[in-house]
Amino acid sequence: MKKISDLISKSVYSLSSGAKIGYILNVEFSSNLDKLLEVIVVDDETEMEGKVEIGQLVFGRDAIFLKNTSSLSYGYENNYTNPIGKLVFDKKGSNLGVVKDIVIQGKKVICIVTEKLTFAPKNICVNGFDALIVFGKKQKEPVFNFKNKFSNEQLVKIPETVNATIVTPAKITPNVQSLIGKMATRDILGLNNELIIKEHEIITQKKIIEAKKHNKLNILFYNCK
């Protein structure tokens, strides 16, 4: 099992030549969020983004291999299906937190994680642009109490193998101001490997502008707290 946060910024290499193709910038899911379909790979030098189906990738501990470089498609339309960063509500409007990570096994989504609960894709009744609305599998009324309404079947717990520290969400939205005052959890390098922001440095408006200039804003979202 893997966490989506562990895939972001991981290097991608050609399986046939060993040449580095770039790094993973983002991911795309099915409309009901039950499958990981594609990843977006960015070239380190040109910052050109390419999209590739998940079946073309081999996932390793320290790197990811692309089976066929011709499977990368460019000039695609970004569907923004990654739910990380979305608010989660029940059908009564109670705030159940923000999606912080997603646990997958192969293509299958095992569970979606907020700071308040963990739930399976089958518990989603609305997948909106800005928010998810969830409910219990057997409930007909719009009520949801994650403390006592979910059975063991309905509420998926994070397996111990992936129960690690979860990083801050990475869905880029117009509200980049939410980053100001947070702390970077790793060094962020620019296009020419210059240091944009240091690990443990507080993020300012100036740092956000610099990250955006180098197309590293998405990486910054995944690596701050």
With 10 Å bins from zero, work out the P(r) of segment 1-111 over every alpha carbon pair and list the percent per bin. 14, 46, 29, 9, 3, 0
For a label point 7 Å from the Cα of Thr204 along Cα→C-beta, name the residues of segment 210-225 whose backbone N is under 16 Å from it. 210-212
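Quick one: which of 186-195, 108-117 comes out on top by average Cβ neighbours within 10 Å, and what's the full order, highest first? Please list the in-between numbers first.
Values: 186-195: 13.2, 108-117: 19.5.
Averaged packing, sorted descending, gives the order 108-117, 186-195.
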At a probe size of 1.4 Å, how large is the accessible area of Phe29, to the nearest 10 Å²? 10 Å²
Principal axis lengths of segment 1-61 from Cα atoms, whole Å, largest first? 34, 23, 19
Could you sort the peptides 19-28, 42-51, 57-66 by per-residue average Cβ neighbour count (10 Å cutoff), highest mean leading? 19-28, 42-51, 57-66
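The values are calculated or read from the model by the stated rules, or taken from the named source; none is laboratory data. Because the structure is predicted, anything quoted here is derived from the model rather than measured. Glycine also receives a Cβ, built like all others from the backbone with ideal geometry; neighbour counts cover every protein chain displayed. Heads up: the accessible areas ignore ligands, DNA and RNA and are worked out on the full protein's heavy atoms, side chains in. Shrake-Rupley method; radii C 1.70, N 1.55, O 1.52, S 1.80 Å.
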